[in-house]
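Here's the structure, in structure tokens; my notes come after.
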Amino acid sequence: MNPVRVLAVQHEDDTGPGWIGERIRALGTQLDVVHPYVGDPVPETTAGYAGLLVLGGTPGPFDDVTAPWLPDVRRLIAGALADELPLLGICLGGELLAAVAGGKVDRIDGAPEVGLHHVRPTEAAAGDPLFAGLPPVAPAVEWHWEEIVELPPGSVSLCGNDRFPHQAFRVGTTAWGTQFHPEVLSDTAAEWARSSAADLPALGLTPEGIRADVEADEPELRRVWGELAERWVRVVACGAEARTSEGR
């Protein structure tokens, strides 16, 4: 029996699938990652795939000059929504999902949200296939200069914090987006902090401090977001089984 296949779109060299990808693969799912920033073509459709994972990156969702493959990614997301294919968008991926589905994304008015922060589930999260069982307060690595200002019409808010209420949401029954980075643990956070070192003093942060904060909460980051990845894989697998039985 062939493994369930998930397509992942990675936008930059240091924004890979990380912990989420590790959990997806550990469950026997085949994860095919395309790297359009080095010339990989973005597939025209998700045919042959049971799920779509769209990762983060520094461009905004409409920075098509900086990232000329983004129109192709928006097309993939629109197709996944139309086909009800399980989709998980992380940071830029979540912003792309919000924009494609009719929400609004804009530059943050003020300082970006960087480093270890915390998110709280909404009441609706208790009934969500991915976010049910989330603790009352969960650690999350943030690294964004853009924000989801308005959720798409008809979407469900699943997580937020005091400054950014749209930290996670669901569109329809099979598409989820996050503003935070459930895939990031301390090694990646430290790498990002080193590359952003010149910007951190203005935020009252240091590379060493960011790494220490994330390391301190890494066991909980692994537990909470590893479980979310496992639940998403179950959604993907159930969808693949249903499509097979329907002959799609």
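Only the coordinates and a few stated rules stand behind these numbers; no lab work does. All of these numbers come straight from a predicted model, not from anything done at the bench. Here Cβ is always computed from backbone atoms with ideal geometry, including for glycine, and neighbour counts include all displayed protein chains.
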TODO: All but one of (1) in a loop (DSSP other than H, G, I, E, B); (2) of a type in the set (G, A, S); (3) buried (at least 24 other Cβ atoms within 10 Å of the Cβ) hold for G48, so report the exception by its number.
DONE: (3)
Open item on the list: Looking only at residues that are of a type outside the set (D, E, K, R) and not in a loop (DSSP other than H, G, I, E, B) in segment 143-153, which one is surrounded by the most Cβ atoms within 10 Å (Cβ to Cβ)?
Closed with: I148
Open item on the list: Could you tell me how many of the residues in segment 123-142 are in a loop (DSSP other than H, G, I, E, B) and farther than 23 Å from L81 by Cα?
Closed with: 5
- [ ] Would you be able to tell me the number of residues in segment 82-114 that are of a type outside the set (A, V, I, L, M) and surrounded by 23 or more Cβ atoms within 10 Å (Cβ to Cβ)?
- [x] 6
TODO: Output yes when any residue across segment 166-186 is under 20 Å from D14 (Cα atoms), under 19 Å from the mean Cα position of the chain (by Cα) and free of Cβ contacts under 8 Å to residues at least 40 places away in the same chain, and no when none is.
DONE: yes
Task: Filter result (free of Cβ contacts under 8 Å to residues at least 40 places away in the same chain and touching a helix residue (DSSP H, G or I) at 6+ places or on another chain (Cβ under 8 Å)) within segment 78-99 - done: A78, A99
Task: Output for segment 171-192, where each listed residue is closer than 17 Å to R231 by Cα and among the polar types (S, T, N, Q) - done: T173, T174, T178
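Considering every residue within segment 147-158, establish whether at least one is of a type outside the set (S, T, Y), without any contact (Cβ under 8 Å) to a residue 24 or more places away in the chain and in contact with a Lys or Arg (Cβ under 8 Å, 6 or more places away or on another chain). Lay out the reasoning, then the answer.
In the first step, residues of segment 147-158 are kept if they are of a type outside the set (S, T, Y); the result is 147-154, 156, 158.
Now restrict to residues that are without any contact (Cβ under 8 Å) to a residue 24 or more places away in the chain: 154.
Add one more test, that the residue is in contact with a Lys or Arg (Cβ under 8 Å, 6 or more places away or on another chain), and what stays is none.
No, the conditions are met nowhere in segment 147-158.
If we keep just the residues of segment 162-188 that are within 26 Å of D213 (Cβ to Cβ) and of a type in the set (G, A, S), which is surrounded by the most Cβ atoms within 10 Å (Cβ to Cβ)? Give the derivation first.
Of segment 162-188, the ones within 26 Å of D213 (Cβ to Cβ) are 162-169, 176-188.
Checking the rest, the ones that are also of a type in the set (G, A, S) come to 168, 177, 186.
Numbers: A168: 28, G177: 32, S186: 20.
Here the residue is G177.
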